[in-house]
Amino acid sequence: MQNDVYAQHTNVPRYPAFAFKSAGLVENSKEKSPDEERQLCLKLIEDVDRRQSYIRSPLHWYTFNTPVPSVLQGYRRPMCGLVALSMAGHMLEKCRSSVPQYTNNDILQAAIKLGFTKQGEMFSVYDMAVLARNLYRCEVTIYDTEMKHNAHTILTNLLCGHPLIVPYDNDRNFEPCLQRGHRAHWAIITGAVIGSKKKTFDDNHLQFHKKLPNLVKIIDSQWFQENLADKLALQDGENINTSLIYLYGKQGKSARYRLWSLNSLSTSNSNLKEYDPKRDWNWLHCPYNLEDTLCNKYMVLHF
């Protein structure tokens, strides 16, 4: 099937067979998520405490996540959007057990058939939405606003177990960066860590960490959703304090979870405005103005 793809696009360079060995579903990656989450939270708390040492009362942190298995895009394959969609399919399975699961090549073939890609590259959130609907028979909501101005909606969707798929500029350590779209990449967001100056005591809905007294795991997402603003005092005046929101993300170049600041991911998403002039665009499908198809745009899958 892979040869059929290349036959359709003869101007595409052929990579050696070893280039694709790392592509696909990573076994046992989902099972490693709890340990990865704990390590990420520990580092986050240490970093924030160090930066905000002037605060007399320590911050309290609330975490929730819907772990998904990692799916890798393969060496030098521009399939980050397609593997983010594959991971989103695994997350949707929590909402509806009948959701089908696909291989990288299945999704690639579907995107090629729709005329959205040549090699797996995806430069439009609207194309991604159509592809998601076709594959998973789900609903897709596209947002066209800065993420930091849409924090409450983002957190509510994540609490409901809805996957959030976001384009951003990807630095070499996979962190969000600002390259005006030259390093455009896709990630799936599956959960969040939220800081608050107030501690909420509720053993029925929260699970307190034994070794980290200021880290709390949310075990009742509906309760937390209903009490999001007032229980955690997330609001600073009329606006949610986005500087204390961090997001669990996975992307197709690493099997490990990352924890990114909502503000940094938002800024990166907002800077996707132009093509990388160093890329050979003859073998990629991108008849778009990125400001219209990627900048300030992201999507949520749901039923």
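The values are calculated or read from the model by the stated rules, or taken from the named source; none is laboratory data. Everything numeric here is computed off the predicted structure, so don't read it as measured data. Methodologically, a virtual Cβ is constructed for each residue, glycine included, from the backbone with ideal geometry; neighbour enumeration extends over all protein chains shown. When the accessible area is computed, the model is the full protein with side chains, heavy atoms only, and any ligands, DNA or RNA have been set aside. Shrake-Rupley method; radii C 1.70, N 1.55, O 1.52, S 1.80 Å.
Distances over 25 Å make up what percent of all Cα-Cα pairs in segment 99-248?
Numbers: 4776 of 11175 pairs.
In whole percent, the long-distance tail amounts to 43.
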Convex hull of Cα atoms in segment 76-144, direction-averaged projection (nm²): 4.6 nm²
Counting only protein heavy atoms and using a 1.4 Å probe, what share of the accessible area of segment 134-206 belongs to carbon plus sulfur, as a whole percent? 40 percent
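For the chain, what relative contact order do you get, as a whole percent, if you take Cα pairs closer than 8 Å and at least 6 residues apart? Before the final figure, lay out the partial values.
Numbers: 579 pairs, mean separation 79.8, N = 303.
Rounded, it is 26 percent for the chain.
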The chain: most fluctuating residue of Thr267, Thr141, Thr117 per GNM, C-alpha cutoff 10 Å: Thr141
So how tilted is helix 33-51 from the main axis of the chain? Cα-based, degrees 0 to 90, rounded to 10. 60 degrees
Asn263 neighbourhood, Cβ < 10 Å, K/R = +1, D/E = -1, net charge 0
GNM top mover of Ser97, Ser268, Ser22 - the chain, alpha-carbon springs below 10 Å: Ser97
Helix 104-113 axis, angle to the chain major axis (alpha carbon atoms, nearest 10°): 60 degrees
Charge sum, other residues only, whose C-beta stays under 15 Å from Tyr143's C-beta, Lys/Arg counted +1 and Asp/Glu -1: -2
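Could you work out the relative contact order of segment 43-121, using alpha carbon pairs under 8 angstrom and six or more residues apart, expressed as a whole percent? Write down the numbers at each step before the final one.
On the way: 54 pairs, mean separation 21.3, N = 79.
Once normalised by length, the contact order is 27 percent.
Please list 62-71, 101-110, 25-34 highest first by mean number of surrounding beta-carbon atoms within 10 Å per residue.
Details: 62-71: 23.1, 101-110: 17.9, 25-34: 14.7.
Top to bottom by mean Cβ count within 10 Å: 62-71, 101-110, 25-34.
Report the local net charge at Cys80: Lys and Arg +1, Asp and Glu -1, summed over other residues whose C-beta lies under 10 Å from its C-beta.
That sum, taken over residues with Cβ under 10 Å, equals +1.
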Can you spot the lysines whose alpha carbon is less than 27 Å from Lys30's alpha carbon? Ignore those fewer than 8 places along the same chain. Lys21, Lys43, Lys94, Lys210, Lys211, Lys217, Lys250, Lys253
